[in-house]
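*Asks:* Let me give you the structure first, and then I'll get to my questions.
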Amino acid sequence: MRTHCLAALGDLWCFNISTSTWSNISTFAGASPSARFSHGMTSLGNKLFIFGGNDNSGSLDGLFLFDIAKGRWSQVNGGGDWPVARYSFGMSTLDAHRLILFGGTNNSGVMNDMFVFDPASLVWRELSVTGTLPAQRAGFGMAVAGQRAIVFGGTGGSISGVLSDVWVIDGPTDVAWPMDAAAGLFVGIYDWDTVLLNATAGRNRWERLRRHPIDPPSIFFFWLCIQQIIS
């Protein structure tokens with residue numbers, strides 16, 4: 001595993017879309033997370049959740065919550081199938097009340113496991129999925145749309161292992177998906193097939209999306225490019 005030379009930061013910034021201005025949130029209560037990079041951050045309502053990352057001394061596995069309304073940091077202690085320390089993974093809001101986490105890497109290697117966190121019960125649960133699993137990867141893009149999580153690209157652990165595949169997984173079976181959810185469309189810039197994101201296929205199942213012969217260019221997380229330049 002390559003040694004990182006990136007400066008880990010611990011500041012918090014907010015971008016106001018209406019005014020197109022950045023502001024540094026420097027006044028807050030509670031103990032903020034330590035400086036880090038390649039962590040995951042997503043929001044649920046007026047709360048931000050941060051998990052994992054790398055602080056140049058190793059991978060991290062802490063979960064932190066920032067209450068935007070109160071301006072307060074707190075560390076979240078819970079149970080269940082707590083994910084091992086990792087960075088460069090995917091994390092997103094699964095529905096109105098849970099988080100989903102996939103893949104990433106640490107000093108032991110690259111991963112392709114998937115977890116769901118319920119803030120109400122403070123419990124992590126590792127998902128048992130069917131179908132052909134995506135290859136282990138880090139530094140990829142992931143988003144949740146409709147009933148599905150979509151993963152694109154990343155790296156399998158070496159500069160020659162850059163990926164350009166697209167995978168989709170249906171949500172966990174116990175998610176109360178609305179029956180009248182509007183269909184969403186995933187349309188690629190390279191004329192990929194259109195995919196209905198709220199299809200009712202079996203849940204917890206990975207599928208590789210069929211694409212036209214012209215693939216999008218392979219992408220890789222920017223920090224690896226920086227490492228190649230500075231190493």
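Please treat every number below as a calculation from the coordinates, not as lab data. Remember, it's a predicted structure, so these values are computed and weren't measured experimentally. For neighbour counting, all protein chains shown are included, and Cβ atoms are generated from backbone atoms with ideal geometry for every residue, glycine included.
*Asks:* Roughly speaking, what is the stretch gain from residue 22 to residue 143, that is 0.36 nm per residue apart minus the C-alpha to C-alpha distance, in nm to one decimal?
*Replies:* That pair, residue 22 and residue 143, stretches by 41.2 nm at full extension.
*Asks:* Considering the Cα positions of the range 24-96, please state its Rg to one decimal place and its Dmax as a whole number of Å.
*Replies:* Taking only Cα atoms of the range 24-96, I get Rg and Dmax of 12.3, 35 Å.
*Asks:* Right, next: Work out the length of the dipole vector of the range 8-110 about its Cα centre, built from +1 on the beta-carbon of each Lys and Arg and -1 on the beta-carbon of each Asp and Glu, and round it to the nearest 20 debye.
*Replies:* In debye, rounded to 20, the range 8-110 gives about 140.
*Asks:* Considering only the other residues whose Cβ falls under 10 Å of the Cβ of residue 39, what net charge follows from Lys and Arg at +1 and Asp and Glu at -1?
*Replies:* Surrounding charge for residue 39 is +1.
*Asks:* Want the number for residue 29 to residue 132: 0.36 nm per residue separation, take away the alpha-carbon distance, what's left?
*Replies:* Length difference between fully extended and current span is 32.6 nm.
*Asks:* Charges at C-beta only: +1 for Lys and Arg, -1 for Asp and Glu. How large is the resulting dipole of the range 48-169 about its Cα centre, in Debye rounded to 20?
*Replies:* 180 debye
*Asks:* Also, quick follow-up: Please grab the % of Cα pairs in the range 1-143 that end up more than 27 Å from each other.
*Replies:* 22 percent
*Asks:* For labels at residue 81 and residue 48 in the simple 7 Å Cα→Cβ model, what's the distance in nm?
*Replies:* Taking the two extended label points, one gets 2.9 nm.
*Asks:* For the range 119-169, how big is the tail of P(r) above 12 Å, as a whole percent of Cα pairs?
*Replies:* Tail fraction, whole percent: 69.
*Asks:* Also: Report the gain in length on full extension from residue 120 to residue 70: 0.36 nm times residue separation, minus Cα-Cα distance, nm rounded to one decimal.
*Replies:* Result: 16.1 nm gained on full extension.
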